[in-house]
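The values are calculated or read from the model by the stated rules, or taken from the named source; none is laboratory data. Everything numeric here is computed off the predicted structure, so don't read it as measured data. All Cβ positions, glycine included, derive from the backbone under ideal geometry; neighbour counts span all protein chains shown. Heavy atoms of the whole protein, side chains included, go into the accessibility calculation; ligands, DNA and RNA do not. Shrake-Rupley method; radii C 1.70, N 1.55, O 1.52, S 1.80 Å.
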Amino acid sequence: MRIDLHTHTRASDGTQSPSELVHAAVAAGLDVLGLTDHDTTDGWAEASTAAAEVGLTLVRGIEISTRHLGRGAHLLAYLPDPTYAPLDEELDRILDGRSSRVPAILDKLHELDIPITAGDVRRASVGTAATGRPHVADALVTLGVVGHRDEAFRRFLNPGMPAYVDRYAASLVEVLRLVGEAGGVPVLAHPWGRNGPSGMTEENLDELAGLGLAGLEVDHQDHSPEDRAALRDIAGNLGLVVTGSSDHHGAGKVDHELGCNTTAPEEYDRLMELAATSARATGSAAEPPSVPPAPSS
Ligand SMILES: [Zn+2]
Ligand SMILES: [Zn+2]
């Protein structure tokens with residue numbers, strides 16, 4: 001059974017529609033797909049319909065942008081109740097913060113004599129709930145200012161670069177609580193990112209586990225083989241679920257093909273048990289994955 005628990009669509013910064021993603025997942029030989037757009041559940045309905053048609057198990061999730069210890073931290077929330085108002089309101093604040101910084105980014109790019117307009121960004125962000133830096137980056141590619149999205153981030157949009165603008169940051173600790181209250185299960189996405197172990201220590205992660213963190217995304221393209229081994233040990237010590245995912249963005253991110261990393265079936269089962277327990281504890285309205293897994297091949 002092939003399980004990929006972290007992917008994006010045009011509802012955030014991927015390049016595929018939710019149903020295109022579902023069909024691509026089937027073509028890639030996946031049995032279980034986690035849909036985790038940034039800070040939005042907008043892709044869930046279309047993806048659920050498409051998944052039911054093709055017999056793919058869809059795990060509805062959100063990758064929530066938070067901050068912890070002065071750095072950005074992405075939290076994957078699986079199967080939260082989308083109607084739980086405090087979580088929904090926090091997602092709105094995050095999305096507003098993301099869109100409202102775009103004009104400020106454009107101002108900074110204009111100061112650098114780059115003639116990008118709000119219309120250019122709008123055309124790069126058709127269908128998304130969260131216009132943000134990736135769409136500014138795509139517009140810069142279209143304008144020929146940079147060759148690809150990564151270059152736009154490296155030269156202009158990352159912290160410390162000339163067109164970077166800060167925005168509202170949700171607290172990781174607060175979001176962990178909200179996801180739990182919404183009957184969801186929180187897994188830390190790419191905990192060490194490209195920073196390696198300097199990102200978060202075992203002590204930091206232990207503290208988060210005490211606050212409800214259920215798992216670590218160990219197998220991610222941003223983690224070296226050494227980092228994966230070290231994180232796997234930490235997860236074992238702390239009793240955290242180990243996941244692996246592609247973080248697929250369609251054509252929006254190179255080297256993140258569907259299924260390039262996967263989650264072990266027994267770890268997936270642990271995650272779904274935790275989701276069922278969390279939903280029962282909160283009386284959450286979130287449904288379990290809608291379609292039973294296809295027989296393993
Ligand atoms: Zn992420
Ligand atoms: Zn992601």
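Observations
- Restricting segment 17-37 to residues that are more than 22 Å from Pro80 (Cβ to Cβ) and among the acidic types (Asp, Glu) leaves a set whose member that is farthest from the chain's Cα centre (by Cα) is Asp31.
- Residues of segment 230-272 that turn out to be open to solvent by 60 Å² or more (accessible area, probe 1.4 Å), within 16 Å of ligand 2 (Cβ to nearest atom) and over 18 Å from Ser17 (Cα atoms), as a count: 1
- Among the numbered conditions (1) out of contact with any Gly (no Cβ under 7 Å at 6 or more places or on another chain); (2) closer than 30 Å to Ile116 by Cβ; (3) of a type outside the set (Gly, Ala, Ser); (4) away from ligand 2 (no atom under 16 Å from the Cβ), the only one that His190 does not meet is (4).
- Single residue of segment 68-91 satisfying the filter (open to solvent by 50 Å² or more (accessible area, probe 1.4 Å) and assigned to a strand (DSSP E or B)) that is farthest from ligand 1 (Cβ to nearest atom): Arg71
- Any pair with Cβ under 9 angstrom, 6 or more apart, that starts in segment 205-217 at a residue that is farther than 18 Å from Ala275 by Cβ and ends at one that is surrounded by fewer than 21 Cβ atoms within 10 Å (Cβ to Cβ) and among the polar types (S, T, N, Q): Asp206/Asn237
- Within the span defined as segment 54-63, every residue fails to be touching a Ser or Thr at 6+ places or on another chain (Cβ under 8 Å), within 16 Å of ligand 2 (Cβ to nearest atom) and among the hydroxyl-bearing types (Ser, Thr, Tyr).
- Any hit, segment 52-63, residues being within 16 Å of ligand 1 (Cβ to nearest atom) and out of contact with any Phe, Trp or Tyr (no Cβ under 9 Å at 6 or more places or on another chain): yes
- Selection status of Asp206, crowded, with 20+ Cβ neighbours inside 10 Å, more than 13 Å from ligand 1 (Cβ to nearest atom) and farther than 15 Å from Ala73 by Cα: no
- Considering segment 144-173, the residues that are part of a helix (DSSP H, G or I) and in contact with a strand residue (DSSP E or B) (Cβ under 8 Å, 6 or more places away or on another chain) include one that is nearest to ligand 2 (Cβ to nearest atom), namely Leu172.
- Some residue of segment 93-101 being touching a residue at least 24 places away in the same chain (Cβ under 8 Å), touching a Leu at 6+ places or on another chain (Cβ under 8 Å), surrounded by 19 or more Cβ atoms within 10 Å (Cβ to Cβ) and assigned to a helix (DSSP H, G or I): no
- Segment 21-43: number of residues that are away from ligand 1 (no atom under 16 Å from the Cβ), hydrophobic (A, V, I, L, M, F, W, C) and crowded, with 20+ Cβ neighbours inside 10 Å: 6
- Matching entry among Leu75, Leu79 (being on the phi > 0 side of the Ramachandran plot and touching a helix residue (DSSP H, G or I) at 6+ places or on another chain (Cβ under 9 Å)): Leu79
- Qualifying residues in segment 1-20 (those that are within 16 Å of ligand 1 (Cβ to nearest atom) and outside any loop (DSSP other than H, G, I, E, B)) - the one surrounded by the fewest Cβ atoms within 10 Å (Cβ to Cβ): Asp4
- Residues being open to solvent by 70 Å² or more (accessible area, probe 1.4 Å), assigned to a helix (DSSP H, G or I) and in contact with a Gly (Cβ under 9 Å, 6 or more places away or on another chain) - total across segment 209-229: 1
- The residues on offer are Ala182, Ala137, and the sole one that is open to solvent by less than 10 Å² (accessible area, probe 1.4 Å), under 22 Å from Gly14 (Cβ atoms) and at pLDDT 95 or above is Ala137.
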